[in-house]
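Here is the structure we will look at.
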Amino acid sequence: MENLYVSTRNEEIKATAKQTILKGIAPDGGLFVRPDLDSIKVDLKKIVDQNYLQNAAYILKNLLPDYTEDELESCIQNAYGHSFSRSEITPLRKVDDVYVLELFHGPTSAFKDVALTLLPQLMSTALKSTNQKAMIMTATSGDTGKAAMSGFQDVEHIAIEVFYPHNKVSQIQYRQMATQEGKNVKVFAIQGNFDDAQTTVKQLFMDQDLNEKAAKQGVMLTSANSINVGRLVPQIVYYFEAYKDLVKENAIQLGDKVSFSVPTGNFGDVLAGYYAYLMGLPVEKFYVASNSNKVLTDFLKTGIYDKNREFIQTISPSMDILVSSNLERLLYYMSGKDTELVAKWMNDLNTTGRYDVGSEVLGKIQALFVGDFVTDEQTKQIIRQVYEKTDVVLDPHTAIGYKVAKERADRPVVALATASPYKFSIDVLDALGQQSNDEWDALRKLSSICQDEVPAPLAQLETKEILHKEVIAVDQMKQVVEQGLEELL
Ligand SMILES: *Cc1c(COP(=O)(O)O)cnc(C)c1O
């Protein structure tokens with residue numbers, strides 16, 4: 001099969017789509033990209049006539065041609081056939097004069113489900129042609145771990161181990177993880193913070209001894225984080241879906257441009273939008289919406305990416321990020337696919353914590369991307385205002401994208417809704433002027449305000465059996481991974 005993918009840092013490093021999905025990251029530390037992405041053109045008329053699952057198959061076939069059509073269809077069916085509570089998968093809803101694209105109707109009520117239901121299927125299919133098994137290691141600050149476990153639960157030939165910081169996740173997040181079923185799934189609380197978990201997982205990927213042990217058993221160590229091509233491609237689909245819905249509602253004519261406002265952390269979600277644009281989606285602007293960790297807002301103004309700053313804990317924790325890894329892919333395309341230049345910037349980032357892309361590249365980026373940020377105070381304010389005007393309750397992440405969209409003049413604009421408000425009940429209630437210190441009480445209060453039901457997977461958590469109780473020291477992580485390898489045999 002053709003090696004269509006290359007590293008952002010060296011075009012001599014090549015891989016097939018299946019290999020990129022199994023490896024996650026390129027061996028030189030770069031990210032896998034397709035140089036010919038802008039020559040794939042999606043037929044918008046076809047998109048408008050097909051349903052979500054058909055469009056997913058159509059788009060994925062173009063991006064991952066070494067999967068057969070049958071393979072992709074079965075992956076997509078397994079991912080989306082039963083696990084989303086809405087048949088549209090990602091419904092579009094008009095809230096005042098902004099269209100809100102709801103990405104949170106999956107099993108864990110966050111947008112990461114759209115990708116993390118499909119990635120395990122793509123990995124498992126790719127593994128079949130290698131006769132290998134895979135061990136996924138994931139460090140999580142709360143949300144990704146649950147979505148990943150849920151997606152990998154009982155997937156053949158793959159085991160997953162998740163590490164989260166003990167006593168540093170919310171009650172709901174704790175219960176989501178500790179009650180996770182599946183014979184191939186393990187979760188550990190570690191005595192340390194998220195950075196300790198993350199750093200140790202990264203070390204384990206490089207650990208020669210562990211890699212040799214795994215290789216002897218025919219197991220590859222891999223990750224499910226958002227730099228994996230298999231996380232990115234499922235997200236391209238819903239940009240086209242939003243466009244389809246706008247055409248069907250007669251909000252636009254086929255071919256008209258649309259803007260998107262995307263609450264951003266690691267730059268994965270908004271990058272998927274850019275990929276859709278390269279593949280022919282008519283886009284006016286992408287609004288890159290951040291919280292007070294506004295590294296991207298500053299970058300999009302100045303061309304200087306500088307992570308040397310204070311890390312701020314906000315009420316939109318999934319966007320509390322200072323290094324937006326997927327930005328590297330945008331830089332690859334915007335620099336004219338100059339892998340040497342990208343490698344230099346990434347080296348600067350590693351050694352000094354900053355890089356400067358210069359005015360020419362910045363100009364190209366600014367023609368399509370606009371950055372803005374929203375403080376916690378403003379986030380609460382917009383949640384309250386939107387509720388008072390429309391009865392719709394937004395979660396803090398969604399509210400950030402919504403506010404940035406609201407402040408711009410161009411219409412139509414689609415704001416991506418990345419989590420259900422129920423996942424962040426206490427802060428959302430606070431924004432609406434009500435107090436609660438207990439997450440379960442907050443869920444019920446919010447349910448009566450929203451006048452709808454708590455999503456079933458969240459409602460059931462309070463009484464579900466705790467299956468994972470182990471709390472381990474950071475230096476025990478390698479040991480539990482080794483045990484996991486034994487059990488995979
Ligand atoms: C992960 C996440 C984001 C940020 O998405 P990126 O792809 O990292 O930019 C935004 N909102 C929620 C709720 C998330 O979980």
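Could you compute the FRET efficiency for R86 and E377, with r as their C-beta to C-beta distance and R0 at 41 Å, rounded to 0.05?
For R86 and E377, the calculated efficiency is 0.80.
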What size of dipole, in debye to the nearest 20, comes out for the chain about its Cα centre when the only charges are +1 on Lys and Arg C-beta atoms and -1 on Asp and Glu C-beta atoms?
420
Environment charge of G358, counting only residues whose C-beta is closer than 15 Å and scoring Lys/Arg +1, Asp/Glu -1
-2
Please give the FRET efficiency for Q451 paired with D306, using the beta carbon to beta carbon distance and R0 = 60 Å, rounded to the nearest 0.05.
0.85
Above 35 angstrom, tally the Cα pairs of the chain and express them as a % of all pairs, no decimals.
28
Run down the lysines and flag those whose C-alpha is under 25 Å from the C-alpha of K41, throwing out any fewer than 8 positions away in its chain.
K14, K18, K61, K244, K248, K257, K285, K337, K364
Along the charge dipole of the chain, Cβ charges K/R +1 and D/E -1, which of C450, I304, I252 sits furthest on the positive end?
I252
Distance-filtered residues of segment 272-311 - backbone nitrogen under 16 Å, label point 7 angstrom along S359 Cα→Cβ:
301-304
Using the Kyte-Doolittle scale, which helices in the chain average at least -0.5 and also have C-alpha atoms spread 20 Å or more along the helix axis, with helices defined as whole DSSP H runs?
229-248
Projected label distance in nm at E470 and D28, using a 7 Å step from Cα toward the beta-carbon:
3.8
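Each reported figure results from applying straightforward, stated rules to the coordinates on display, with no laboratory input. What you see is a predicted model, and the numbers here were worked out from it, not measured in a lab. Reconstructed Cβ throughout: ideal geometry from the backbone, glycine too, with neighbour counts over all protein chains shown.
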